[in-house]
């Protein structure tokens with residue numbers, strides 16, 4: 001079953017380390033079936049409970065997955081192999097349209113905000129024992145949630161969207177639970193879920209967000225205990241949940257009231273499309289807004305709201321780790337919000353001209369592409385590796401679709417934030433040269 005590799009150890013920690021070592025060396029390949037626990041216990045001369053503890057540790061670390069009577073096997077992508085490593089380095093002279101970062105020219109200047117916050121801090125420094133969420137930050141965040149029809153709930157703050165997702169999953173789920181995730185979807189999230197020992201279940205996505213039948217299947221058939229939806233500017237496809245799709249998804253979710261709902265609205269501040277929140281009437285839910293795309297990734301701030309129990313659990317667990325997110329950062333963001341330092345209409349229009357221009361230019365050349373909102377365009381291709389290599393040779397570094405997909409077909413992601421309008425036609429020509437015209441087809 002394991003070829004030449006021998007799992008060793010007498011204690012659970014030693015057995016788990018032996019398996020991880022085999023995975024790291026490539027001797028235990030992704031998908032490789034591990035021995036049944038009783039069989040391995042006999043081979044090693046240990047109690048079956050010792051092997052069970054080792055396998056549990058490996059599941060929690062995202063190294064293996066267990067599927068009932070089908071046994072335990074090495075995950076297709078162990079947590080030690082991050083999707084971020086699937087990338088193309090842009091050598092000198094090659095344009096990098098792969099990294100997913102915002103356009104620096106569209107980010108607001110933050111010097112004045114920092115100076116004002118520093119001045120106030122000198123008068124009253126932050127100390128231990130204070131509330132973890134700055135009062136003005138919470139007030140402004142809640143007002144913005146209210147304006148978009150987000151259900152009432154307390155406000156919390158984390159170090160970015162992924163930090164919020166991790167903390168919410170950790171306070172509700174246990175290793176082995178299934179989580180419905182978008183496919184294609186955010187690569188870091190697709191890494192995080194198995195790293196927590198959870199089982200990702202793919203949901204197909206189209207231009208309007210997750211497909212209702214895919215969500216229903218994930219919940220009713222695959223037993224997902226949580227579902228994660230990107231409301232706008234979905235990474236990598238640019239999907240945006242419309243009013244009609246939101247209503248369909250609410251109907252599906254209403255049939256599963258105990259399922260945890262996590263909504264990621266990282267596109268707030270850079271998109272013009274309205275938000276259609278899904279959370280009404282649920283037991284446990286959160287909606288998260290990062291400032292990374294509109295104000296700058298290095299601010300590392302995300303506001304979130306949700307049901308009182310979930311927010312209280314997250315803030316309580318946060319107190320036992322980092323304690324709180326820096327009040328200096330919270331107050332800087334609050335200052336930028338109050339000053340309306342970002343005009344969403346202007347930013348959305350700037351990205352939209354580049355994104356829509358590229359999608360149209362590709363369509364004129366017979367190449368299907370998607371990009372309804374945000375700063376990314378998703379292009380299905382017949383041969384992902386070949387397309388990436390040919391585009392690199394033509395002077396363009398794109399992101400391989402493998403970073404973002406589970407069951408969907410090959411594709412590449414193009415980030416338009418660094419493009420000038422004059423780049424659109426040359427880039428479209430390069431894509432056609434790399435992939436050729438394709439008959440339009442649905443994704444998923």
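For this structure, a couple of remarks:
- FRET efficiency, residue 364 to residue 319 (Cβ-Cβ, R0 56 Å, nearest 0.05): 0.50
- For the pair the range 350-404 and the range 30-44, the centres of their Cα atoms are 44 angstrom apart.
- Potential lengthening of the chain between residue 272 and residue 14 amounts to 87.5 nm, from the contour at 0.36 nm per residue minus the alpha-carbon distance.
- Neighbour-count ranking [beta-carbon atoms within 10 angstrom, fewest first] of 327, 293: 327, 293
- Label assignment, percent of Cα pairs over 35 Å apart derived from the structure, set (i) 30; (ii) 36; (iii) 48: (ii)
- Bridge orientation summary for the chain: considering DSSP beta bridges with both residues in this region, about 55 percent are antiparallel.
- Candidates 413, 319, 372, ranked by Gaussian network fluctuation over the chain, Cα under 10 Å, top entry: 319
- Ordering 375, 406 from the fewest to the most neighbouring beta carbons within 10 Å gives 406, 375.
- Per-residue Cβ neighbour rank within 10 angstrom, fewest leading, 388, 398: 388, 398
- Model label points for residue 394 and residue 421, set 7 angstrom from Cα along the Cα-to-Cβ axis, are 2.3 nm apart.
- Here is how the number arises for the chain: DSSP H runs of 4 or more residues each give -39500 (n - 2.57), the sum is divided by the residue count, and the result at 222 nm is -12000 deg cm²/dmol.
- Across the chain, the mean sequence separation of Cα contacts (distance under 8 Å, 6 or more residues apart), normalised by length, yields a relative contact order of 19 percent.
- Full-stretch length increase - residue 283, residue 407 - with 0.36 nm per residue and alpha-carbon distance subtracted: 41.6 nm
- Remark: spin-label model distance residue 52-residue 124 equals 5.6 nm, labels positioned 7 Å along the Cα→Cβ axis.
- Semi-axis lengths (Å, descending) of the ellipsoid that matches the C-alpha gyration tensor of the range 12-74: 16, 13, 11
- Whole-number percent relative contact order across the range 12-74, with pairs defined as alpha carbons under 8 Å at least 6 apart: 41
- Taking the range 111-338 and dividing mean pair separation by its residue count, relative contact order in percent (alpha carbons under 8 Å, at least six apart): 26
- Cα centroid of the range 295-316 to Cα centroid of the range 219-237, whole Å: 19
- Gap separating the Cα centres of the range 160-200 and the range 81-153, nearest whole Å: 22
- Each principal axis of the range 343-444 carries a Cα extent, and these read 39, 28, 23 Å when sorted largest first.
- Distance between modelled label sites at residue 308 and residue 42, nm, 7 Å Cα→Cβ extension: 5.6
Readers should treat all values here as calculations from the given coordinates under stated rules, not as data from a laboratory. Predicted, not measured: the structure shown is a model, and the values here were computed from it. Cβ sites come from the backbone with ideal geometry, for glycine too, and all protein chains shown count toward neighbours.
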